[in-house]
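Structure, as structure tokens:
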Amino acid sequence: MENPVRKKVKAGQVSLGTWVNSGRPLIIDILGRSDFEWVTLETEHSALDYQECVNCLYAAQATNIVPFIRVAWNDPMLIKRALDIGAMGVVVPNIDTAADAARAVSASRYAPLGARGIGSSRGQLAYGEDYYDCANELVCVVLMIESADAVKNIDAIMQTPGVDICFIGPNDLAASLGVPLGLDNKHPDHVAACQKVIEAGKKWGVPVGIHCAGAQEAVRRIEEGYKWISIASDVRLLKLALNDVFDCIKKNGAAENAPKHSNTL
Ligand code: 3PY
Ligand code: MG
């Protein structure tokens, strides 16, 4: 059993996915039949609980889309539960130092690479009786780079054994740098920080990812060298599709009094 997204990205190829805030298996069913290769179930900033995550994991397995879970914090207990219910990867927010990175890796890997506790009955059900032997290869560890400190410490973070991907969180990074918020952030300080992370990724052989506002930004980010790219989220993709519908209706004069839409989440 292997994780095709981990394998692809570590081989230097690009992999596209999206974030899931709704927690609805139907949405996973739809995304799993698209060209997206992975989804990340959002438990940091949404109401999703573990039972909803399990239901989404069933749908992911049925459609062969690779499921990640973003945990709410760099907490071994949260990481253990996310992996034990069958996530193939974990996204850990707010990694600021090499010690933070080592803590996240240790919680995600079985001995001798880490200290993840044994007890994933769902792992064995979903991925086979030899789950404990292959989980260290299966599980993709994604660390979030989303502060000025993280950028300052990026070389040490990337040199931590067991890190698979470093993923930039543009909004928290903007807040930490004291520049205006926003995905597709063009503020020179933000651009310079992202550039530093990309360069470190090349130096240490660690694939870098970033959260994008939409397809246009994703195209540019691929050219810049990003590999693990999230295009928006289920909620935002629905909003963008609605915007397209009503832009078209309005352009054709059919709904002059229709309410205006906003461009933010
Ligand atoms: C951020 O922009 O801070 C994120 O966490 C995006 O996933
Ligand atoms: Mg963030």
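Per residue Cα convex hull volume for region 1-130, in cubic angstrom? Numbers along the way, then the final one.
Values: hull volume 14.7 nm³, N = 130.
It comes to 113 Å³ per residue, whole-number rounded.
Please state the Cα pair-distance histogram of region 92-217 with 10 angstrom bins from zero: what percent is in each bin?
The percentages, shortest bin first, are 13, 39, 27, 16, 4, 0.
So what's Rg/Rh here for the chain, counting alpha carbon atoms and using the Kirkwood radius for Rh?
We get a ratio of 0.99 for the chain.
Cα axis of helix 50-63 to longest principal axis of the chain: angle in degrees, 0 to 90, nearest 10?
With both axes taken from Cα atoms, the answer is about 80 degrees.
Can you tell me the relative contact order of region 37-91? Whole percent, Cα pairs under 8 Å, sequence separation 6 or more.
41
Under a plain spin-label model, where a point goes 7 Å from the Cα along Cα-to-Cβ, how far apart in nm are K250 and S121?
Label at K250, label at S121, 5.4 nm between them.
Each value in this text was obtained by applying a stated rule to the coordinates, not by laboratory testing. In this text the structure is predicted, and so the values were computed from the model without any measurement. Here Cβ is always computed from backbone atoms with ideal geometry, including for glycine, and neighbour counts include all displayed protein chains.
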